[in-house]
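Structure first, then comments.
The values are calculated or read from the model by the stated rules, or taken from the named source; none is laboratory data. Model, not experiment: these values are computed from the prediction. No Cβ is skipped: glycine too gets one built from the backbone with ideal geometry, and neighbour counts run over all protein chains shown. Ligands, DNA and RNA are stripped out before the accessible areas are found, and what is left, the full protein with its side chains, is counted by its heavy atoms. Shrake-Rupley method; radii C 1.70, N 1.55, O 1.52, S 1.80 Å.
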Amino acid sequence: MKKKVLSVLLASAMVLSLAACGSQTATAPAADNTAASSDTAAAPAADTAAAETEATASELTDGKFADTRHITVEVYDRGNDGGSDPTNNIYTEYIKNGMLEKHNVEVEFVSVPRWTEVDEINNLLAGGTAPDICVTYSYPTIKTYADMGGVLDLRPLIDGYKADLPHLWDWLGETNLYWDSDPVDGTTWAVEAKLANMNRVNTFIRKDWLDKLGLKEPTTKEEFHDVLVAFKDNASELLGADASKMIPYSVSYDVGWRAATLIESFIDPKISDKEYYVNGFDDRKLTQNGTKEAVKLLNQWYNEGLMWNDFAIYGSGDTTEDDMMKAGYVGAFSHNWDYPFRNGDDSIQANLKRLVGEDAKYIAIDPFEDKNGGHNKFLAGPIDRKVFFPSTNDEPLASMLYLDFISDPETIQYLQLGDEGVTCNKLDDGGYEIIAATGDAIQNSGMNIDYTITCNGLHLTSQDLTDKTLAHTYAGIDPEDVLNADKVAKTDTRVGINVKAGDIEAEGGVGDTLSAKRDQVYDTAMSASTADFDSVWDEGIADYLGAGGQAIIDERTAAWEKVYSGDSVE
């Protein structure tokens with residue numbers, strides 16, 4: 001009955017439920033050192049938690065239910081060609097067997113398409129059929145349904161069951177567990193997964209092309225531009241009969257994410273906490289000061305024929321760009337810090353070597369200097385995906401025990417490494433190297449993050465083991481290339497702050513609309529004629545602000561000034 005009634009209520013309100021897309025929004029800059037400010041948030045919620053959960057917790061004997069419980073858990077379906085069934089493979093069996101043995105809880109996985117996950121979660125929530133444990137990159141989606149009574153407040157569960165959740169508390173701690181807690185009433189609609197490795201975006205370039213043309217690795221924007229020109233001018237030498245397919249540089253339709261390090265190089269390194277927060281509701285930095293100048297430079301390169309001409313028409317999940325990289329047509333690109341190394345035998349790097357030659361490969365470079373000659377790479381803090389329970393969840397304790405099990409270092413290590421001799425080999429120094437898997441042992445996501453939903457990044461049972469293994473976690477990839485990419489991604493990074501200014505009501509229900517408009521601004525401005533760039537950009541920004549962006553900026557400004565006396569959180 002509970003699910004039926006909620007289904008009717010949410011379905012009737014679904015027209016209002018416009019939410020942010022994928023990983024394209026962020027509620028605030030981040031920090032790993034602000035937990036103390038949230039420790040006392042909404043003391044009443046913590047005070048009553050034990051009383052509310054005592055009866056249920058008493059059902060556990062040595063951590064197990066007397067009667068078998070059943071929960072459903074969301075898992076992404078990435079549609080990988082030749083991948084394993086996301087709901088039925090060696091990793092899901094490990095989880096199912098472990099949860100049944102340790103807690104007497106049956107686990108059923110429910111697949112959700114990765115590239116339309118927000119739309120699908122909207123539909124499931126509105127229909128009252130969402131899995132008991134849901135995962136999304138979009139906090140506005142969660143907040144929209146929380147406002148309609150469709151999401152459980154996790155704070156009483158986090159606090160009241162603390163003694164039963166040692167691994168969850170050890171791994172996430174107060175910082176990530178309380179990250180989204182309201183500073184006034186303590187309501188916590190989601191917990192934030194933790195980034196074990198906070199690397200974001202790197203720029204990669206064809207090392208074999210640099211060598212063939214006698215060029216050095218570019219270290220500035222000007223040098224990078226000159227290399228792109230050299231690639232274009234020498235297309236026949238580099239690609240022969242395929243010269244017309246040459247793409248010197250690619251960033252795809254998601255300009256704000258893919259060109260992040262270029263965009264951030266134009267932002268003032270001394271930007272205040274307040275300014276960054278006020279414009280920080282979208283992690284693509286559309287309204288930050290300096291972004292327009294960055295896109296103007298990309299527009300210049302586009303009009304010089306140095307960019308992928310058709311970038312804007314291939315959206316999420318399309319493989320066209322990857323296929324061009326694998327075929328050897330792309331000279332440089334910006335993407336996730338380890339992107340060309342992912343997916344084992346089907347990685348960009350592996351395909352490039354098979355099709356072009358042993359010397360063909362991408363290496364990470366750091367060519368986008370800020371005004372001081374260093375770099376300006378913003379990190380969102382140690383947060384990642386958001387884990388939440390819909391209010392149709394009838395097994396909150398069993399669900400919390402699942403989060404604890406999935407946060408156990410032993411569980412994480414198995415899910416990331418798999419079975420020795422099948423997916424990994426032990427090295428002489430005690431570390432592990434990943435080997436290409438087949439069938440049910442294939443990991444559909446890097447380091448199996450679709451199952452390690454509270455952890456993103458390599459996190460083994462000790463830091464020493466993690467360090468020894470990192471360079472060998474990509475099957476068939478030169479460990480030195482991985483270590484170099486890791487080093488570049490970690491150079492001149494800056495962790496933001498978790499502003500505790502409360503919910504911003506203007507952000508509710510407009511995320512999807514603003515995300516679409518944001519991408520349109522980036523795409524149309526980058527591909528506009530040089531003469532039209534300013535007008536296209538300014539008109540797009542005006543439309544974006546008028547659709548809700550300005551209201552968010554205004555409310556964030558007021559919220560900041562209500563809590564903080566100056567331009568810094570200190």
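Taken over the range 162-192, residues that are in contact with a Leu (Cβ under 8 Å, 6 or more places away or on another chain), free of Cβ contacts under 8 Å to residues at least 40 places away in the same chain and surrounded by fewer than 23 Cβ atoms within 10 Å (Cβ to Cβ) amount to 1. Candidates are the residues of the range 81-99 that are closer than 18 Å to Val112 by Cβ, open to solvent by 20 Å² or more (accessible area, probe 1.4 Å) and in contact (Cβ under 8 Å) with a residue 60 or more places away in the chain; the one that is farthest from the chain's Cα centre (by Cα) is Asn88.
Cβ-Cβ contacts under 6 Å between residues 6 or more apart (or on different chains), taken from a first residue in the range 286-297 that is without any contact (Cβ under 8 Å) to a residue 40 or more places away in the chain to a second residue that is outside any helix (DSSP H, G or I) and open to solvent by 30 Å² or more (accessible area, probe 1.4 Å), are listed as Gly290/Phe266; Glu293/Phe266; Ala294/Phe266.
Only one of these is farther than 25 Å from Asp408 by Cα, of a type in the set (Phe, Trp, Tyr) and either open to solvent by less than 10 Å² (accessible area, probe 1.4 Å) or within 19 Å of the chain's Cα centre (by Cα) (or both): Tyr76, Tyr137, Tyr145. Name it.
Details: Tyr76 fails: farther than 25 Å from Asp408 by Cα; Tyr137 fails: farther than 25 Å from Asp408 by Cα.
Exactly one of Tyr76, Tyr137, Tyr145 is farther than 25 Å from Asp408 by Cα, of a type in the set (Phe, Trp, Tyr) and either open to solvent by less than 10 Å² (accessible area, probe 1.4 Å) or within 19 Å of the chain's Cα centre (by Cα) (or both), namely Tyr145.
Take the residues of the range 492-527 that are small (Gly, Ala, Ser) and outside any helix (DSSP H, G or I): which is modelled with the lowest pLDDT? The extreme case among them is Gly496. From the list Phe281, Phe231, the lone residue that is touching a residue at least 24 places away in the same chain (Cβ under 8 Å), in contact with a strand residue (DSSP E or B) (Cβ under 6 Å, 6 or more places away or on another chain) and not polar (S, T, N, Q) is Phe231.
Is it true that Asp366 is under 29 Å from Asp170 (Cβ atoms) and surrounded by fewer than 23 Cβ atoms within 10 Å (Cβ to Cβ)? Steps first, answer last, please.
Values: under 29 Å from Asp170 (Cβ atoms): no; surrounded by fewer than 23 Cβ atoms within 10 Å (Cβ to Cβ): yes.
For Asp366, the condition - under 29 Å from Asp170 (Cβ atoms) and surrounded by fewer than 23 Cβ atoms within 10 Å (Cβ to Cβ) - is not met.
Helices (runs of 4 or more DSSP H) fully within the range 240-329 that include at least 3 residues being surrounded by fewer than 17 Cβ atoms within 10 Å (Cβ to Cβ) and at pLDDT 95 or above: 291-303, 320-327.
If you go through the range 195-214 and keep only what is surrounded by 16 or more Cβ atoms within 10 Å (Cβ to Cβ) and modelled with pLDDT of 95 or more, you end up with Val201, Asn202, Thr203, Phe204, Ile205, Arg206, Lys207, Asp208, Trp209, Leu210. Helices (runs of 4 or more DSSP H) fully within the range 386-472 that include at least 2 residues being open to solvent by 20 Å² or more (accessible area, probe 1.4 Å) and more than 18 Å from Pro86 (Cα to Cα): 409-417, 463-470.
Test Ser334 against the criterion of being touching a Lys or Arg at 6+ places or on another chain (Cβ under 8 Å), on the phi < 0 side of the Ramachandran plot and open to solvent by less than 20 Å² (accessible area, probe 1.4 Å), and give yes or no. Spell out the reasoning first.
Values: touching a Lys or Arg at 6+ places or on another chain (Cβ under 8 Å): yes; on the phi < 0 side of the Ramachandran plot: yes; open to solvent by less than 20 Å² (accessible area, probe 1.4 Å): yes.
So Ser334 passes the test.
Within the range 189-204, work out how many residues are farther than 27 Å from Met148 by Cα and part of a loop (DSSP other than H, G, I, E, B). Working first, answer last.
Pass one, the range 189-204, residues farther than 27 Å from Met148 by Cα: 194-204.
Now narrow it down to the ones that are part of a loop (DSSP other than H, G, I, E, B): 196-200.
So the count comes out to 5.
Restricting attention to the range 535-570, the residues that are touching a helix residue (DSSP H, G or I) at 6+ places or on another chain (Cβ under 8 Å) and not small (Gly, Ala, Ser) total 16.
If the condition is being outside any helix (DSSP H, G or I) and within 15 Å of Phe389 (Cβ to Cβ), then the range 169-180 contributes only Asp180. With respect to Leu152, determine if the residue is in contact with a Phe, Trp or Tyr (Cβ under 6 Å, 6 or more places away or on another chain), farther than 30 Å from Ile348 by Cα and modelled with pLDDT of 95 or more. Yes; evaluated as a whole, the condition is true for this residue.
Among the residues of the range 337-359, at least one is charged (D, E, K, R) and either open to solvent by less than 50 Å² (accessible area, probe 1.4 Å) or touching a Leu at 6+ places or on another chain (Cβ under 7 Å) (or both).
Please go through the range 434-483 and pick out each residue that is more than 19 Å from the chain's Cα centre (by Cα) and within 20 Å of Asn176 (Cβ to Cβ). Of everything in the range 434-483, those that are more than 19 Å from the chain's Cα centre (by Cα) and within 20 Å of Asn176 (Cβ to Cβ) turn out to be Leu460, Thr461, Gln463, Thr466. Only one of the numbered conditions (1) in contact with a Lys or Arg (Cβ under 7 Å, 6 or more places away or on another chain); (2) over 25 Å from Lys102 (Cβ atoms); (3) not charged (D, E, K, R) is not met by Ala436, and that is (1).
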